[in-house]
Structures are given as structure tokens and as C-alpha cells.
Amino acid sequence: MIFFDENLRTFFLESKDVTYSFKINEAGFLQHLYFGKRIEREDLSFAPPINTEWRIHGTYIKENGKIFNLNAYPNECPTYGRSDYRESMLAFDFDGVRVGDLVYDSHYIINEKPTLSGMPSIKGGQTLVVLLVDTIHNVEGKLFYTVFEDLPVILRHCEIVNRGKTSFNIDRVYSFSLDFPDKNWKTLSLFGAHGRERMVETSDIVHGVTVFDSKRGVSSSQLNPFMAMVRNKTTEFCGEAVGFNLVYSGNFALKVQKAEADGVRVTGGINDFDFSWKLNPNETFVSPEAVLVYSDSGIGKMSRAFHDLYRNYLINPKFAFKPRPIVLNVWEALRFDISTQKILDMVDSIKDTGIDTLVVDDGWFGGEKGRNDEFSGLGDWVVNKNKINLKEIIDYTHNAGLKFGLWFEPEVASPNSNVVINHPNYILRADGLEPCEGRWSYVLDLTQKEVCDYVVNSVNAILEEYDVDYVKWDMNRSLTEFCSSFDKETAHRYILGLYDILERIVYEHPEIFFEGCASGGCRFDPAMLYYFPQIWTSDNTDAYMRALIQYGTGLCYPLSAMSCHVSAVPNKQCGRVTPFNSRFNISRLGAFGFELKIAELSNQERLSVKEFVDEYIKTQDLILNGDLYRLNSPFNENLFAEQIVSKNAKNSIIVVFKPISVHNEDTVRVYPQGLMSDKKYFIKELGIERSGGVIMAIGLPVNLKKQDFESFVYHLETI
Ligand code: DGJ
């Protein structure tokens, strides 16, 4: 619920278990008071200012004879040049003048948050809109705050409106700013690379500004648009954690600043590097949404809040909680070497295994020129009839009782493609320079409506001609040459163009299931989840690396969002040989499938495929839709253990994976969480019944075969 106390001029935003509060101070600025565990609605104006000893060498504005040093106070919407020297949330250029005051004008509360214009957003209920105005430059700033009765989450974003008669530039428009009054925090973030996405890193906060960002045009595997502030002693299970995630797929920045008096400011949104947006009279600029999650019970509770938020309010409700396709994707098995016969053979190989979807990956298109390697074909979304008979393949797949999936990479084009030859102006390019290639492709300039229309028409033509049930949408490069007729608006306009084509392809085909991908998980963010209920988490399918990648990804994304496939060994990315069973046990922690030649497996392994699928089907609702507890971190110890508990706590599964076998080690145990203390559970693998309280206190032994990369599963069920 949202309350405004007229006497205190204070807002109280109350989501489940949390309070977020700020007041309108005497000069009209929004002074942040508190974000944390739910508290009473009382006068909070004695909440700690950041800095009390600022008079010497401090600066201030004067209002009605009073002085206000904005650097000394937590601020909901800091701007530049008016005595707050920390990172600002907004920055403008009014024909050379870059300074102004945005002060409170009015506010209103709405029962349902409107969708964000041109951008994916989270479905939200009660929302506070605070109007700030700069009367000198005719700027209106709208701050949006959404609360949730069932989750410890606050959503924020802002909109800037030009109420004047001349245009001005927005040089920075972050989605939120939040000041923490003390310094006793660390940052938790997700860094990585292609094939090594979302590694977990905890760092001290130093004085100065730490930036987690992307300048690649995609949200990137190098740094995810997620970070959290965690107390020095916070663990998975206890202590405070405040998580931030941006619903955005392009250049972003999340900044953490420890300032002179040791308060910490976190702010972020669209990266202002190489960004400037011209706002004409009566136009509105909409920032992407930022998700703020508060947990008083560790990182695990924070993650579960993100998971519930995305499953309940972001991912397409048609698919969010449904069983996911169990796929055989032909990529790792065939790469570009596909033919009608080879694919029909793949279909035959999965009959009777329980796998329900066959996905034809790269290489089926390119028309006459074809695509038999990475060097050609992209951008020409025409079937290569010399190579495959797509209709025959689809009919055969459907007649076998399977669904059919097809791969696209709509945002790029090969230099020798017809589209590039016929329309050289369709490419992002800088005058006089050869555009950089990425995996032998150029990026289509989605800032142009004509280019968006080309992509939509050519992809939709295939989807309308052929009976496709599943699409894998790939994007295998970062952007370069952020130049178009829109100058420094290019990077953001590209993303708006991307969302536009996704709206017109994905939501125009509600019957098709779309999976996201960007060289694996190089664009894994909440905005992508709005279009793609699941994303190919990484091109790295090695069980050990996947344990790390999926563990990190789960910090803010639900297991149902991660596509995870069993592949052949030695693993193509790492050369490692891991047991078949362990490859299954790691892959089952998400939307499951295979990526290998089933026909070349031994009879025993083929039987295992069927057993794996049967076992997955039995537990998939629990795994995809339950509560995740991370029991042991492979980043901290030689053990990975994740437990999922059903929402009614009646069922639970624990997957344990031990990278390196150790002789004569202390007994390894895992300590389950989230069970009902007073209810008895049958522990299938031990054949015993014990109460949840006893199981959580005594733990469960992990008896693994003496071999590297072994895994083990516990099933618990109430009796
Ligand atoms: C990168 C993806 O991550 C792979 O799964 C595969 O689809 C290839 N692209 C195809 O080029």
C-alpha cells in the first residue's frame, strides 16, 4: 500500500515485509528516508543525513532564508550542479545551460501501473507518481514507484516531459537513485564472458565510483544488469541484501558510489556513455524499469523474490508456469552440416524417448547462396531449398508426434547477403569506415523503421508459410558503429527497434514458443524474459561450467528462465568428460533438453535418455516453479548443492554435484531449507521418514562415487 502523510509530507511505500519512505523537504526536494524491513508509519525525519559537518567548503541553495546542502542528504532524484556532488540521476543540456532544480509539484496514486511506452515492463499494481518540475526550463520529471503486496519489491522508473516551446537534450536519465546512509556493505555482481556467463563476485566498496556497465549495445555477458548490496556478514540465509536489476537489454550502467561521509549511493539505468537524447516540445522520454528487492534473510530470499516477480508479473503468462518443451537441438550434433535426411534421422532417434520438440538450428536459410558456414546467409530469411526441404521435415516431425523448432538471427546480416548488397544503408555504419564484423556479420540498423519492417516481414513470412511451434532467436555479436541519423540516440533507439520487432513477431504469434539466445547467454536480462520465457543460458554445456553459470544466473533469474541441455563428451567447449548422470542432474535445473547425436549413444545411454526425460517430467513443475535454496556454492567450496521446495512445501528435490573427488575427507552433508518443521517427509534415497525440522537440523549425507564430477539427488515428499 502507498500512504502519504500530509502533516509529515512523507510517503510510505509498503510492499510485503518492506517499507520505502521519503519526504518532501522544505525546499521541495525529495529526501530519501528509509528502505528496509517493514516499520511503523512515524516521523522518520530524524533518519540519518549522509553528512552533518558540511558547512565549511560545502555549498548550498537558499530557500526562504534556509539553507540546503543537497550533498548532505539522501536524495530520491539527484541532479547536477546544485550542491550535490555525487552521481546524479538526471542531467540536461538546455542549450548550453546544464543546471536546474527539479522540485516537487504534486503527486497521485494509481491502482494499476500503466505499461511503459515502447518498452517491456513488469505488470504492477498500486503506483505512486510524483511530479517534479523545473519551471525555468519547463521540464517535468515523473517518478514512478510501484509496490507489491506479495513481494518485497519496489519498481522504479522515470519519465521526462518537455513542457516548453524549445527542445533540450537529456544527457543522462537513470531509472532510480537510492542512498544508503552507512558504508557497511559489499557489492555482489555477475561478471563473465562468452561461455563463462554470470560468475559471482563479491567486492568491497571503495571511495569513489564503481560502475557495472555495458557499452556493447547488448546487456552482455561481461556484466549483467544486476547487482546487489550485501552486508559484510550476509550469507545465503541471513543478513540484509538489496538487489537491483534493470529491465533493459542494451547499454546500461549501475553505479555504486561511496562518498566523503561514507554513505553509499546506488544509481543506474541506460548508460549515459555516448548517450544524448533530444527532447522536443510535448515529447516524453521513458526510462526503463528498475527492480529493487529488499531481503532481511540473506541472498537466497532476495533471489526468490526476483524469481517470483518474474514468473508472476513479467514472463508471458501463457507460458510462465507451463511445462516447457523438452528439446533435441541439432546444433552441437550437426552444426552447419544439416540435410533433410540427417534431420529426419534425428527425428527417428528421439521417437520413444519422451523428447517432445526437435529444433533445427543454424544453416537452413540463405536462399540460393545458402549458409554452410559462418560466412554467409544471415539476413536472407529464405529457405535454402538446395539443402533442405523444410516442409517435409516439419511434416515428418509433426507426424512423429513432435513439435518443431526453428532458429533465426534476425538482427544481423552477412556482408555478402542479398539484403546488404541491395540495401547497404540497412547496416549500422560510420561514414568513411568499413563496419566492424562480428562472427562475420553486420548489425542491422534497427533505428530505421524500414529496416525493422524488413526484419518483421521476412521472419513473419517464414512463420506464416511453415508450421513452426518454437523459435530460437539468436544474436551472435555486440554492436559497433553506434551511428545512425540519430547520433547519440542510436544505442537506445536500436533497443527500442528491437523491442518493436519483437512485439510484432513474438506477440503476433501467440501460439509459438520463443526461446532467447545471444551466443548462449550474452543478453540475459528481464526485458528479454518478457519476450522469451527461457533463454539459452550458455554455449558452454560442460556440467562443471554449467553448475557455476546456472548458480550465478539464479541469483536473480528463475530456473524456468534457463535453457539447459545435456551434450556429448568430451565437452566441445572445455574438453572435459563428465558422467552422463551428472550432465543430466545439472541440466534438469532448468528448461531441459539435449544437444547430441542420440543415435550414436550406447544402448545403455539411450535407455538413460528415456529415464532422464521421465524423471525430469516428474519433477519439472517443482523445479521450474518452486522456491530455490542454494545450499552450497561452487564458487566458495568443492560442492554445488541446490534445493527446490514446492510452494506448498510438500515436495523437495536436492541436487548435489561435487567437482573434485577427495579421499579421506570429512563427511559431506547438505543442510536442507524451507521444509515444514512439524511435517514428516519420506526421504526416498534413504528410505526413511523424518520431520522437516530434524532433516534441516541434522542434514543429509552426501555419499558420492569416488570419481570427479559425481552428482546425487534427494527426493523428499510429505507423507
Ligand atoms: C550461438 C548459439 O548460442 C548456439 O546455440 C547456436 O545456435 C549457434 N549460435 C548457431 O550459430
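The values are calculated or read from the model by the stated rules, or taken from the named source; none is laboratory data. Just so we're clear, the structure is a prediction, and the values are computed from it rather than from any experiment. For neighbour counting, all protein chains shown are included, and Cβ atoms are generated from backbone atoms with ideal geometry for every residue, glycine included. Surface accessibility is based on the protein's heavy atoms, side chains included, excluding ligands, DNA and RNA. Shrake-Rupley method; radii C 1.70, N 1.55, O 1.52, S 1.80 Å.
Summed over segment 371-430, the residues that are among the hydroxyl-bearing types (Ser, Thr, Tyr) and within 25 Å of residue 499 (Cα to Cα) give a count of 3.
If the condition is being basic (Lys, Arg) and in contact (Cβ under 8 Å) with a residue 24 or more places away in the chain, then segment 1-45 contributes 16, 37, 38, 41.
Evaluating residue 519 against the criteria (1) away from the ligand (no atom under 16 Å from the Cβ); (2) within 27 Å of residue 383 (Cα to Cα); (3) open to solvent by 10 Å² or more (accessible area, probe 1.4 Å); (4) in contact (Cβ under 8 Å) with a residue 60 or more places away in the chain leaves one unmet condition, (1). Considering only residues in segment 266-300 that are surrounded by fewer than 24 Cβ atoms within 10 Å (Cβ to Cβ) and among the charged types (D, E, K, R), the one that is nearest to the chain's Cα centre (by Cα) turns out to be 272.
Results for (1) open to solvent by less than 10 Å² (accessible area, probe 1.4 Å); (2) in contact with a strand residue (DSSP E or B) (Cβ under 6 Å, 6 or more places away or on another chain); (3) not in a strand (DSSP E or B), shown as yes or no for each residue.
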{"position": "166", "(1), (2), (3)": "no, no, yes"}
{"position": "171", "(1), (2), (3)": "no, yes, no"}
{"position": "175", "(1), (2), (3)": "yes, yes, no"}
{"position": "179", "(1), (2), (3)": "yes, yes, no"}
{"position": "190", "(1), (2), (3)": "yes, yes, no"}
{"position": "196", "(1), (2), (3)": "no, no, yes"}
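Of the residues examined, residue 417 is one that is within 30 Å of residue 491 (Cβ to Cβ) and either at pLDDT 95 or above or out of contact with any His (no Cβ under 9 Å at 6 or more places or on another chain) (or both).
Look through segment 579-626, keep the residues that are open to solvent by 30 Å² or more (accessible area, probe 1.4 Å) and within 26 Å of the chain's Cα centre (by Cα), and return whichever of them is farthest from residue 334 (Cα to Cα). That would be 621.
Report yes if residue 13 is within 30 Å of residue 169 (Cβ to Cβ) and open to solvent by less than 20 Å² (accessible area, probe 1.4 Å), otherwise no. Considered against the rule, which asks whether it is within 30 Å of residue 169 (Cβ to Cβ) and open to solvent by less than 20 Å² (accessible area, probe 1.4 Å), residue 13 comes out as no.
The set of residues from segment 433-465 being within 16 Å of the ligand (Cβ to nearest atom) and open to solvent by 50 Å² or more (accessible area, probe 1.4 Å) comprises 437, 439, 440.
Any residue at all in segment 424-440 that is within 23 Å of residue 364 (Cβ to Cβ), modelled with pLDDT of 95 or more and touching a Gly at 6+ places or on another chain (Cβ under 9 Å)? Yes; the residues of segment 424-440 include at least one that is within 23 Å of residue 364 (Cβ to Cβ), modelled with pLDDT of 95 or more and touching a Gly at 6+ places or on another chain (Cβ under 9 Å). Selection of segment 526-539 for residues being open to solvent by less than 10 Å² (accessible area, probe 1.4 Å) and either within 16 Å of the ligand (Cβ to nearest atom) or out of contact with any Pro (no Cβ under 9 Å at 6 or more places or on another chain) (or both) yields 528, 532, 533, 534, 535, 536, 537, 538.
Taken over segment 523-569, the criterion of being among the β-branched types (Val, Ile, Thr) and part of a helix (DSSP H, G or I) is satisfied by 549, 553.
Would you mention how many residues in segment 691-719 are in a helix (DSSP H, G or I) and β-branched (Val, Ile, Thr)? Here the count works out to 3.
Between 695, 654, the distinction of being among the β-branched types (Val, Ile, Thr) and either touching a residue at least 24 places away in the same chain (Cβ under 8 Å) or surrounded by fewer than 14 Cβ atoms within 10 Å (Cβ to Cβ) (or both) belongs to 654 only. Filtering segment 466-515 to residues that are within 16 Å of the ligand (Cβ to nearest atom) and either modelled with pLDDT under 95 or of a type in the set (Asp, Glu) (or both) leaves 474, 515. With a requirement of 1 or more residues that are out of contact with any His (no Cβ under 9 Å at 6 or more places or on another chain) and more than 23 Å from residue 535 (Cβ to Cβ), the strands (runs of 3 or more DSSP E) lying completely within segment 590-690 that satisfy it span 627-632, 640-645, 651-658, 680-683. Listed by position, the strands (runs of 3 or more DSSP E) enclosed by segment 1-114 that each have at least 2 residues that are more than 30 Å from residue 305 (Cβ to Cβ) are 61-63, 66-68, 90-93, 103-110.
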